[in-house]
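Undergrad: My questions all concern the structure below.
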Amino acid sequence: MTNYEINALLYGTNSIFHNDGLSIYLLTGHYIDRHEMNFFQTDFEKVKLNSIEEKIEFLPNEFKGKLNRLLNDAVHTAKRYTYSIARQGVLFSHSNLEHSMKPHIHRQAYCDNILPCITVHYRLKGNDPAIFNYWETITQEEAITNDLCRRDTIIDWCNSRTHKSLLLPNDKNVVLFNSGLVPHTVTHSDDFNVYFIFDNAKLHDTNLFKSDIPVIIQE
């Protein structure tokens with residue numbers, strides 16, 4: 001991948017996220033059955049996310065084909081573990097953004113049924129393990145009382161606490177974690193990493209994930 005191709009993806013997304021070290025797109029296709037989340041709090045900041053499918057259409061054919069193959073593989077992989085999700089998206093990670101993504105939790109922290117997040121990770125360029133950082137699991141009461149879905153409050157919360165790191169050693173890894181109650185981030189590097197996010201997932205096997213910390217599922 002060229003630096004031009006990397007930046008085309010990193011900065012094709014909504015610029016409001018770039019200062020948070022985020023390059024996030026919406027997956028708009030109906031790849032997996034969907035269900036609604038019922039929120040206790042609904043006055044969230046509304047930010048329009050760009051569609052990755054639309055972005056892919058404007059890329060050179062070879063690069064477009066590569067990303068479409070990744071998307072199809074990520075969906076196929078997620079379907080092995082879930083039959084329904086509430087949200088889906090994709091993150092691109094590279095040091096051209098910043099040193100790391102800012103810590104955050106997902107808005108499902110404020111919903112009535114918090115379910116796991118399935119993240120399908122791919123390393124497209126480089127050889128080093130991707131680094132997924134996470135903090136101690138919080139309670140839903142802590143999330144709501146301290147309004148931790150806001151960017152400033154969750155950063156302050158995490159700055160006063162220590163985190164742990166999970167290394168993603170392979171070119172493809174599947175991570176299960178509680179995105180609503182586990183503050184998390186990824187470290188950017190000169191490698192180019194892609195994370196497909198399938199959030200609030202109803203698992204085929206509910207015994208697959210019963211952990212307070214993120215776990216790698218062996219493919």
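What follows is calculated from the coordinates using simple rules that are stated; it is not laboratory data. Since we're looking at a predicted model, the values are computed, not measured. We place every Cβ from the backbone using ideal geometry, glycine too, and count neighbours over all the protein chains shown.
Undergrad: Taking a cut-off of 16 Å between Cα atoms, list the aspartates and glutamates near K125, but don't count ones fewer than 8 places away on the same chain.
TA: Hits, sequence-local ones excluded: E5, E62, D171, D190, D191.
Undergrad: Right, here's the next one. Can you tell me which of G65, G21, G89 moves the most in a GNM of the chain? Springs connect C-alpha atoms under 10 Å apart.
TA: Most flexible of the set in this elastic network: G65.
Undergrad: Which residue, Y81, Q41, N7, has the largest displacement toward the positive end of the dipole of the stretch 7-85 when charges sit on each Cβ (Lys, Arg +1; Asp, Glu -1)?
TA: Highest projection toward the positive end goes to Y81.
Undergrad: To continue, here is another question. Going highest first, how would you order 113-121, 154-162 by mean Cβ packing within 10 Å?
TA: Going from most to least packed, we get 113-121, 154-162.
Undergrad: Okay, helix-only estimate at 222 nm for the chain: each DSSP H run of n ≥ 4 adds -39500 (n - 2.57), divide by all residues, round to 500 deg cm²/dmol; what do you get? Present the calculation step by step, with values, prior to reporting the outcome.
TA: On the way: 5 runs with 48 residues, N = 219.
After summing the helix terms and dividing by the residues of the chain, the value is -6500 deg cm²/dmol.
Undergrad: I would also like to ask the following. Taking 2.2 N^0.38 Å as the expected size of a compact globular protein, what ratio does the Cα radius of gyration of the stretch 60-109 give against it, to two decimals? Don't skip to the end; give the middle numbers.
TA: Numbers: Rg = 14.4 Å, N = 50, 2.2 N^0.38 = 9.7 Å.
In units of the globular-protein estimate, the stretch 60-109 measures up at 1.48.
Undergrad: If I take every Cα pair under 8 Å that is 6 or more residues apart in the chain, average their sequence separation and divide by the length, what percent do I get for the relative contact order?
TA: On the way: 437 pairs, mean separation 62.6, N = 219.
Relative contact order here is 29 percent.
Undergrad: Further question on the same structure: So which lysines can K79 reach, going by Cα to Cα under 21 Å and dropping same-chain residues fewer than 8 places off?
TA: Straight-distance partners of K79: K66, K172, K202, K210.
Undergrad: If you don't mind, another one. With +1 on each Lys and Arg Cβ and -1 on each Asp and Glu Cβ, how big is the dipole of the chain about its Cα centre, in debye rounded to the nearest 20? Present the calculation step by step, with values, prior to reporting the outcome.
TA: Values: 21 positive and 27 negative charges, 77 e Å.
My answer is approximately 380 debye.
Undergrad: What net charge do the residues around D190 carry, taking every other residue with its C-beta under 10 Å from that of D190, with Lys and Arg at +1 and Asp and Glu at -1? Display every interim value, and only then the final one.
TA: Numbers: positive: K125; negative: D128, D191.
Here the count lands on -1.
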